[in-house]
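Structure record follows, encoded as structure tokens.
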Amino acid sequence: MQAVQVKVLNSKIGTHPDFPMPTRATDGSAGIDLRACIDEAMTIKAGATHLVGTGLAVYIQDPNYAGMILPRSGLGHKHGIVLGNLVGLIDADYQGELMVSVWNRSSDDFVLNPAERMAQYIVVPVARPEFEVVTDFSDESVRGAGGFGHSGRH
Ligand SMILES: O=c1ccn([C@H]2C[C@H](O)[C@@H](COP(=O)(O)OP(=O)(O)OP(=O)(O)O)O2)c(=O)[nH]1
Ligand SMILES: [Mg+2]
């Protein structure tokens with residue numbers, strides 16, 4: 001996939017030095033960091049969840065792809081800042097603002113500053129198979145219906 005369409009919904013983005021257009025931190029970065037598009041710092045109390053806008057709309061258009069919003073490892077591990085929905089799945093036909101559900105799962109309040117990089121966004125391919133209804137599967141796998149630790153722990 002070469003490009004997706006990005007609409008800037010907040011005029012600060014791309015004009016204010018603190019709010020650059022989203023980019024990859026390095027050439028090899030999978031994710032594009034999503035910044036909090038807020039005017040003032042907000043306190044996310046211990047255990048609280050806030051829906052925070054990014055000021056951006058991304059229209060993937062091609063249904064063979066989807067967007068995902070993932071936590072940043074540093075914020076998640078060191079500060080307990082993860083996602084209220086654990087992972088955000090963004091449909092290819094979604095044209096609204098990318099929103100981040102910021103969950104402070106730690107026991108300390110967290111101050112989210114304007115333009116702070118709060119999560120990251122990737123685009124992934126999506127297999128969209130038909131669901132072919134059968135009475136019996138075409139063969140029996142080695143695993144069969146075993147799951148949930150069926151193969152042991154070690
Ligand atoms: O972290 C997220 C998750 C979702 N969305 C937007 C894009 C996505 O395409 C839409 C719907 O998401 P989802 O299907 O996960 O939520 P739902 O609760 O099933 O809502 P809907 O009934 O609108 O599909 O909400 C975000 O902006 N951020
Ligand atoms: Mg849905």
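Scan the range 84-122 residue by residue and report those that are away from ligand 1 (no atom under 13 Å from the Cβ) and not charged (D, E, K, R).
So in the range 84-122, the residues away from ligand 1 (no atom under 13 Å from the Cβ) come out as 104-117.
Within the range 84-122, 104, 106, 107, 110, 111, 112, 113, 114, 115 meet the criteria.
Quick one: residue 33 ticks every box in (1) farther than 13 Å from residue 122 by Cα; (2) surrounded by 15 or more Cβ atoms within 10 Å (Cβ to Cβ) except a single one, so which number is it?
For residue 33, the exception is condition (1).
Determine if the range 19-28 includes at least one residue that is among the charged types (D, E, K, R), open to solvent by 50 Å² or more (accessible area, probe 1.4 Å), more than 10 Å from ligand 1 (Cβ to nearest atom) and at pLDDT below 95.
In the first step, residues of the range 19-28 are kept if they are among the charged types (D, E, K, R); the result is 24, 27.
With open to solvent by 50 Å² or more (accessible area, probe 1.4 Å) added as a condition, the list becomes 24, 27.
Those still in the list that are more than 10 Å from ligand 1 (Cβ to nearest atom) too: 24, 27.
Subsequent filtering for residues that are at pLDDT below 95 retains 24, 27.
Scanning the range 19-28 turns up at least one residue that is among the charged types (D, E, K, R), open to solvent by 50 Å² or more (accessible area, probe 1.4 Å), more than 10 Å from ligand 1 (Cβ to nearest atom) and at pLDDT below 95.
The rows are residues; the columns are (1) at pLDDT 95 or above; (2) open to solvent by 30 Å² or more (accessible area, probe 1.4 Å); (3) on the phi > 0 side of the Ramachandran plot; (4) among the small types (Gly, Ala, Ser).
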| position | (1), (2), (3), (4) |
| --- | --- |
| 57 | yes, no, no, yes |
| 61 | yes, yes, yes, no |
| 77 | yes, yes, no, no |
| 84 | yes, yes, no, yes |
| 100 | yes, no, no, no |
| 116 | yes, yes, no, no |
| 126 | yes, yes, no, no |
| 132 | yes, yes, no, no |
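Which ones in the range 48-97 are of a type in the set (Gly, Ala, Ser), part of a strand (DSSP E or B) and within 16 Å of residue 37 (Cα to Cα)?
Residues of the range 48-97 that are of a type in the set (Gly, Ala, Ser), as a first pass: 48, 53, 55, 57, 66-67, 73-74, 76, 80, 84, 88, 92, 96.
Going one step further and asking which of them are part of a strand (DSSP E or B), we end up with 53, 55, 57, 66-67, 88.
53, 55, 57, listed by residue number.
Residue check: is residue 54 in contact with a Phe, Trp or Tyr (Cβ under 7 Å, 6 or more places away or on another chain), within 14 Å of ligand 1 (Cβ to nearest atom) and β-branched (Val, Ile, Thr)?
no
Quick check on the range 37-46: of everything there that is open to solvent by 50 Å² or more (accessible area, probe 1.4 Å) and outside any strand (DSSP E or B), which residue is nearest to residue 6 (Cα to Cα)? Outline the logic, then answer.
Of all residues in the range 37-46, those open to solvent by 50 Å² or more (accessible area, probe 1.4 Å) come to 39-41, 43, 45.
Cutting the leftovers down to outside any strand (DSSP E or B) gives us 39-41, 45.
Working: 39: 21, 40: 24, 41: 25, 45: 32 Å.
Out of the qualifying residues, it is 39.
Can you pull out the residues in the range 109-142 that are β-branched (Val, Ile, Thr), under 17 Å from the mean Cα position of the chain (by Cα) and assigned to a strand (DSSP E or B)?
So in the range 109-142, the residues β-branched (Val, Ile, Thr) come out as 111, 122-124, 126, 133-135, 142.
Filter once more, so that each one left must be under 17 Å from the mean Cα position of the chain (by Cα): 122-124, 126.
Correct list: 122, 123, 124.
Suppose we filter 106, 101 for residues that are touching a Gly at 6+ places or on another chain (Cβ under 8 Å), assigned to a strand (DSSP E or B) and polar (S, T, N, Q); which single one remains? Break it down into steps so the answer makes sense when it comes.
Working: 106 fails: assigned to a strand (DSSP E or B).
The match here is 101.
For residue 93, indicate whether it is open to solvent by 100 Å² or more (accessible area, probe 1.4 Å) and out of contact with any Phe, Trp or Tyr (no Cβ under 6 Å at 6 or more places or on another chain).
On the way: open to solvent by 100 Å² or more (accessible area, probe 1.4 Å): yes; out of contact with any Phe, Trp or Tyr (no Cβ under 6 Å at 6 or more places or on another chain): yes.
Here the answer is yes, as residue 93 does meet what is asked.
The values are calculated or read from the model by the stated rules, or taken from the named source; none is laboratory data. What you see is a predicted model, and the numbers here were worked out from it, not measured in a lab. So basically every Cβ, Gly included, is an ideal-geometry build from the backbone, and we count neighbours across all protein chains shown. For accessibility, only protein heavy atoms count, side chains too; no ligands or nucleic acids. Shrake-Rupley method; radii C 1.70, N 1.55, O 1.52, S 1.80 Å.
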